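These notes are about the structure you will find just below.
The values are calculated or read from the model by the stated rules, or taken from the named source; none is laboratory data. Computed from a predicted model, the values in this text were never measured in an experiment. Every residue, glycine among them, receives a Cβ derived from its backbone with ideal geometry; neighbour counts consider all protein chains shown.
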Amino acid sequence: MAMNDESRPERDDGARVVVDDGAVTARAEAPAATHAAKPAGPNAAGGSVQVPRGHWWWPSALTPWAGRTAQWASRLAGHGGSALPGRVVEVLDPGFLARTLGTLPYGVVLVSGTNGKTTTTRMVALMLEQLGLKVFTNPTGSNFTRGVVSALMGAIDGRRPLDADIAVLELDEAYAVHFVRQIRPRYSLLLNVMRDQLDRFGEIDNTARLLGHVAQATTGTVVLNREDARIARLSEQVPDGTAVRYFGLVNSLRSYFPSDDDMHGTDIRRTAMSGTDVDDGAVDGADDGAASSAMAAFGAGGPGASLSGAPSSLIPGESPRLDVGREAFASTAQPADVTLRRVGDHEAEFLIDGATVGGRVRLEGIYNLFNAAAALTVVRSVLADAGRSVDGGRLMEALAEVTPAFGRGEVIEVQGAPVELLLVKNPMGFRLSLGSFPAPGHDTMIAICDEYADGRDMSWLWDVDFTSLRETGVAMVSGTRAWDMALRLGYDEVKVARTDTDLEESVERFVTANPGVPKHIYCTYTAMLRLRARLARLADVADAGVGR
Amino acid sequence: MEHPVIDVVSLYPHDMNIYGDWGNVLTVTRRLSLYGYTPRVHAYNQGDAWPDHVDLILGGGGQDTGQGRIAEDLFLRADTLRKLAAEGTPMLTICGLYQLFGEYFETVAGERIEGIGIFGVYTQGHDVRMIGNLVEHSDRFGDIIGYENHSGQTFLRDGVRPLGVVDREGTGNNGKDHTEGAQVGNVIGTYMHGSLLPKNPRIADHLIRTAATRRYGEFHPDQTEEQRTALERLDAIAEQAREVAASRPR
């Protein structure tokens with residue numbers, strides 16, 4: 001199997017220390033190193049960020065040129081990547097990022113968290129554009145500091161400042177820490193912490209600590225997920241003078257968007273019971289209709305069927321505390337700026353300023369409706385600071401224009417049938433995807449690789465419940481760890497028609513079999529890059545903006 | 001006897017469930033069914049009533065906060081667990097519960113967390129995590145395939161048997177003495193995730209066999225042809241998955 005380092009995405013290892021002349025803040029935060037000791041403290045709240053100086057021998061006006069040359073060279077070498085130019089610029093001109101982004105009139109919006117970064121960033125950026133701002137954003141997948149630098153290369157020219165009002169940037173949790181040492185964001189949006197690639201970040205409490213550094217560095221408004229206890233608690237770290245806004249869910253929807261604590265044990269049962277176990281009341285004036293419409297959106301089995309991981313023989317009821325995972329939440333409940341009130345098929349209703357506004361969305365997947373609440377909260381903060389008042393109806397119009405990002409429900413047409421690419425990176429994301437894209441009427445393929453960017457440990461597959469695929473079975477399992485995936489499906493009694501570690505051959509066989517039948521492909525990050533490259537030979541595949 | 005029951009306790013699934021340790025529970029229950037037994041899983045969390053009958057115990061890894069939350073309850077149940085262990089009840093503890101089944105865990109900061117002392121092992125917190133794919137060799141179970149991810153370094157007292165031995169330094173219990181895991185009687189402790197049991201069916205079957213023999217005097221699978229075939233198919237897939245896993249970079 002041809003699977004070597006070159007097929008990794010341009011996620012650099014972050015461990016190389018930037019060549020700097022005494023400015024400690026330019027040091028790269030190595031994700032691997034974050035396991036070890038607590039990450040070094042952020043800049044003291046209220047203090048200014050130390051901007052690393054350039055080298056006396058390097059004329060900074062040449063930086064974009066150097067970056068672009070590196071970009072060109074790396075494309076020529078066939079990598080098409082964004083890590084190399086970023087690295088070149090970081091070494092030659094460590095102050096570049098802070099200098100370039102520091103001049104934006106509305107500052108920087110930093111989006112981070114485990115799940116939903118890419119789509120939410122896209123929503124914020126596209127909505128702000130719809131509402132008349134000039135937005136700079138980093139393309140899909142380049143969610144590390146050097147990816148941002150590379151994206152800036154394409155957007156600036158010589159000494160002229162970046163032609164944008166605001167930057168909306170997606171950053172991976174560890175790189176977000178590195179980033180805020182160089183430039184403090186005016187807004188930060190912290191979505192959730194869920195178990196991800198544990199071999200990269202260590203435990204999720206550590207991931208929450210990383211995001212705490214982002215909260216501490218934010219100068220304007222920190223937007224937090226009220227329903228994720230680890231995120232909501234970060235409000236304690238927000239510096240004086242910086243505002244906090246929350247996005248949230250009405251009570252009746254909470255069981256449809258489980259937090260990491262809801263994945264196991266007692267809370268499984270609570271999730272499984274949802275739909276009947278709606279604890280209406282208090283905070284948001286929940287709507288009974290929401291539960292049934294959410295149920296409809298999840299398809300016949302309801303979310304209980306797709307989200308729970310318990311065997312049918314699990315004996316319920318021995319624990320007096322069914323609600324463990326929400327305990328912390330209850331004590332930190334805060335009024336939310338935007339609350340998701342009701343969900344349906346490509347539609348959503350939100351509570352904003354006490355009024356209900358609803359609209360259509362083009363995004364796939366019910367979880368993106370909650371991400372929309374997050375994006376709306378940020379957009380409202382930016383608009384308020386800009387002194388602009390925009391009513392709910394206009395916000396919904398802007399939201400309706402947002403289309404899915406690459407690999408997040410992206411649809412590629414192959415021989416007349418839609419092939420939907422669904423990126424899976426962690427158990428909760430996988431569960432939510434399975435719940436959002438019902439298998440009946442589709443052929444299903446799952447491709448699991450174990451490169452660095454995918455995560456080497458296969459344990460996470462065992463935290464996903466695949467029983468929703470029992471009815472249809474899975475047509476193809478592939479990727480370096482195809483056999484691990486096949487074993488997982490075997491234990492969930494899901495039939496697999498074919499298991500083959502040769503990803504390129506498998507995807508071609510899969511999409512050309514059964515002409516006319518729509519298809520779902522669940523895939524890890526490097527699996528997606530590889531199968532997109534193969535699909536490009538058979539169909540029209542948009543430029544991913546991430547190489548290969 | 002018609003589908004005899006085996007009572008399986010999943011220890012603290014709410015707080016000790018990281019690294020896919022759920023896969024171990026699933027593997028044991030599915031295999032029990034395929035052998036013609038009726039698995040009954042008791043999810044035991046702190047404060048719950050202890051099940052009347054216990055044939056097999058499975059425990060996983062947790063975050064520091066999770067370990068803190070269960071510690072008090074674990075001590076309330078320590079006598080029960082020690083008695084079950086002494087009687088020969090099969091148990092499998094992974095990572096965090098492996099450490100807490102030992103004598104103590106001393107954090108990097110010097111804080112000492114007492115364990116329940118089923119294993120004659122102690123653990124020292126460390127700055128460096130040992131992370132990666134790992135193959136260990138065991139007399140009892142052949143090669144054990146898994147993935148380790150821990151910062152605690154565990155040392156065995158004299159006479160304590162490891163679960164297996166590892167080839168390279170920087171892996172296993174403590175990175176130094178080439179041991180991995182521990183076993184005393186029918187109790188197994190290990191750092192191996194993956195999940196452990198799906199790719200190591202010999203260990204799963206050992207736990208099942210011991211549990212059935214202890215309860216019913218013998219391990220007597222009463223399988224349909226269909227169940228036998230299903231089990232063979234799972235084991236054939238596991239064999240392929242083991243081969244691939246063993247060939248992957250650390």
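Data for the structure
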{"item": "B:Gly146 vs. criteria in a strand (DSSP E or B), closer than 12 Å to B:Thr190 by Cα and in contact (Cβ under 8 Å) with a residue 40 or more places away in the chain", "result": "yes"}
{"item": "Contacts under 7 angstrom Cβ, first residue in region B:12-35 being closer than 18 Å to B:Cys95 by Cα, partner surrounded by fewer than 24 Cβ atoms within 10 Å (Cβ to Cβ) and of a type in the set (Lys, Arg), 6 or more apart", "result": "B:Asp15/B:Arg69; B:Ile18/A:Arg195"}
{"item": "Residues within region A:456-474 that are among the small types (Gly, Ala, Ser) and surrounded by fewer than 22 Cβ atoms within 10 Å (Cβ to Cβ), tallied", "result": "1"}
{"item": "Some residue of region A:479-487 being on the phi > 0 side of the Ramachandran plot, over 25 Å from the mean Cα position of the chain (by Cα) and of a type outside the set (S, T, N, Q)", "result": "no"}
{"item": "The listed residue being crowded, with 24+ Cβ neighbours inside 10 Å, modelled with pLDDT of 90 or more and not in a helix (DSSP H, G or I), out of A:Val244, A:Val222", "result": "A:Val222"}
{"item": "Condition met for A:Val357 (within 25 Å of A:Phe430 (Cα to Cα), of a type in the set (A, V, I, L, M) and in a strand (DSSP E or B))", "result": "no"}
{"item": "Test: A:Leu487 is in contact with a Leu (Cβ under 9 Å, 6 or more places away or on another chain), free of Cβ contacts under 8 Å to residues at least 24 places away in the same chain and either hydrophobic (A, V, I, L, M, F, W, C) or surrounded by fewer than 23 Cβ atoms within 10 Å (Cβ to Cβ) (or both)", "result": "yes"}
{"item": "Residue among A:Ala453, A:Ala373 that is more than 14 Å from every other protein chain (Cβ to nearest Cβ) and either surrounded by fewer than 20 Cβ atoms within 10 Å (Cβ to Cβ) or small (Gly, Ala, Ser) (or both)", "result": "A:Ala373"}
{"item": "Test result for A:Gln71, of a type in the set (S, T, N, Q), modelled with pLDDT under 65 and surrounded by fewer than 24 Cβ atoms within 10 Å (Cβ to Cβ)", "result": "yes"}
{"item": "Failed criterion for B:Val9 (all others in (1) surrounded by fewer than 24 Cβ atoms within 10 Å (Cβ to Cβ); (2) out of contact with any helix residue (DSSP H, G or I) (no Cβ under 9 Å at 6 or more places or on another chain); (3) more than 9 Å from chain A (Cβ to nearest Cβ) hold)", "result": "(1)"}
{"item": "Checklist (1) more than 24 Å from B:Arg129 (Cβ to Cβ); (2) within 14 Å of chain A (Cβ to nearest Cβ); (3) β-branched (Val, Ile, Thr); (4) in contact with a Phe, Trp or Tyr (Cβ under 9 Å, 6 or more places away or on another chain) applied to B:Thr190, failing item", "result": "(1)"}
{"item": "So B:Ile118, is it of a type outside the set (S, T, N, Q) and not in a strand (DSSP E or B)", "result": "yes"}
{"item": "Failed criterion for A:Asp502 (all others in (1) more than 25 Å from the chain's Cα centre (by Cα); (2) crowded, with 23+ Cβ neighbours inside 10 Å hold)", "result": "(2)"}
{"item": "Some residue of region A:187-201 being at pLDDT below 85, closer than 30 Å to B:Ala49 by Cβ, hydrophobic (A, V, I, L, M, F, W, C) and surrounded by 22 or more Cβ atoms within 10 Å (Cβ to Cβ)", "result": "no"}
{"item": "In region A:467-513, the residues that are among the charged types (D, E, K, R), over 18 Å from A:Pro427 (Cα atoms) and within 13 Å of chain B (Cβ to nearest Cβ)", "result": "A:Glu493, A:Lys495, A:Arg498, A:Asp500, A:Asp502"}
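Residue-wise test of (1) more than 8 Å from chain A (Cβ to nearest Cβ); (2) surrounded by 24 or more Cβ atoms within 10 Å (Cβ to Cβ).
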position: B:Ser195; (1), (2): no, yes
position: B:Asn200; (1), (2): yes, yes
position: B:Glu218; (1), (2): yes, no
position: B:Gln223; (1), (2): yes, no
position: B:Glu226; (1), (2): yes, no
position: B:Thr229; (1), (2): yes, no
position: B:Ala236; (1), (2): yes, no
position: B:Gln240; (1), (2): no, no
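The rows are residues; the columns are (1) in the same structural domain as A:Arg534 (by TED's automatic domain parsing); (2) within 22 Å of the chain's Cα centre (by Cα); (3) over 24 Å from B:Trp22 (Cβ atoms); (4) β-branched (Val, Ile, Thr).
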site: A:Ala372; (1), (2), (3), (4): no, yes, yes, no
site: A:Ala386; (1), (2), (3), (4): no, no, yes, no
site: A:Gly416; (1), (2), (3), (4): yes, no, yes, no
site: A:Leu423; (1), (2), (3), (4): yes, yes, no, no
site: A:Ser436; (1), (2), (3), (4): yes, yes, no, no
site: A:Thr444; (1), (2), (3), (4): yes, no, no, yes
site: A:Gly455; (1), (2), (3), (4): yes, yes, no, no
site: A:Thr472; (1), (2), (3), (4): yes, no, no, yes
